[in-house]
Every structure is written in C-alpha cells, then in structure tokens.
Amino acid sequence: MNGLAAGAGVDAAALPLDHGPLPADDVLAGSPTAAVRELAALGGTEIGIWEMTPGTATDIEADEVFVVLSGRATIAFASSGLPDLEIGPGSVVRLAEGMRTTWTVTETLRKIYIT
C-alpha cells in the first residue's frame, strides 16, 4: 500500500506491518522491533502508523501529534523537566522536534501519527 486514495479507508488497528530491529545503539532493554507505514501525505504533512514491540529504546523525536490505538508504554523525557507520561489506547500526545525520549513499551504499542 503506497497510501490511501481519496475515499478509501483501512482498519488501522489491524493493518499488517513489516517489523525490523531498532538500531542497537538505541535499545536499552529487551529486543524491541518497530514498523512504520505511511497512510497519506497532505501537503507537507505525513499521516501514518507506527508500532513498537515490548522493550526500552531511546529516540530523538520529530514534530508530531499521535493517537494511541493499542498497547501501553511510558515515555520519559530527557533533560526537559517534564514528568514521565503513561500512554495507552486513546492517549493523544504532542511531541516537539528534537525532544530526547526513552520509550518503555510494556504491551505492543500502535499509534497513528501526524507529522
């Protein structure tokens, strides 16, 4: 699938994804894998699905808003003074470009992102 055509739809919670390992330097615990699938591009905005299996990994964020479809995780924000954020189905989160985060996924996490 190269993206949704106008008037098309998919079940984002059930859409198959191709997982791959995370970069070894980013993994702090476990053997998490991740997958991403673009659903649509509107102007300069990308909308897609991202999923990570259980484990702990670091990331440097893009400017995005996401909605969790399934799973559970904790996001820790490095040196920002923000408290850890517990997320699960229905959580809506805003991340800013360049934020350094640590994701501890306890149940495979699937989200729809807008970036």
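Listing for the model above:
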quantity: Residue tally, condition in a loop (DSSP other than H, G, I, E, B) and either surrounded by 10 or more Cβ atoms within 10 Å (Cβ to Cβ) or acidic (Asp, Glu) (or both), over segment 76-90; calculated: 6
quantity: Selected residue [touching a residue at least 40 places away in the same chain (Cβ under 8 Å) and among the aliphatic types (A, V, I, L, M)] from ALA29, ALA14; calculated: ALA29
quantity: Breaking point among (1) at pLDDT 95 or above; (2) part of a strand (DSSP E or B); (3) over 13 Å from the mean Cα position of the chain (by Cα), for VAL93; calculated: (3)
quantity: Residue match in segment 107-115 (condition: open to solvent by less than 60 Å² (accessible area, probe 1.4 Å), under 20 Å from GLY3 (Cα atoms) and not in a strand (DSSP E or B)); calculated: yes
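The values are calculated or read from the model by the stated rules, or taken from the named source; none is laboratory data. Values in this document were obtained by computation on a predicted structure and should not be read as measured data. So basically every Cβ, Gly included, is an ideal-geometry build from the backbone, and we count neighbours across all protein chains shown. The area values use the complete protein model at the heavy-atom level, side chains included, leaving out ligands, DNA and RNA. Shrake-Rupley method; radii C 1.70, N 1.55, O 1.52, S 1.80 Å.
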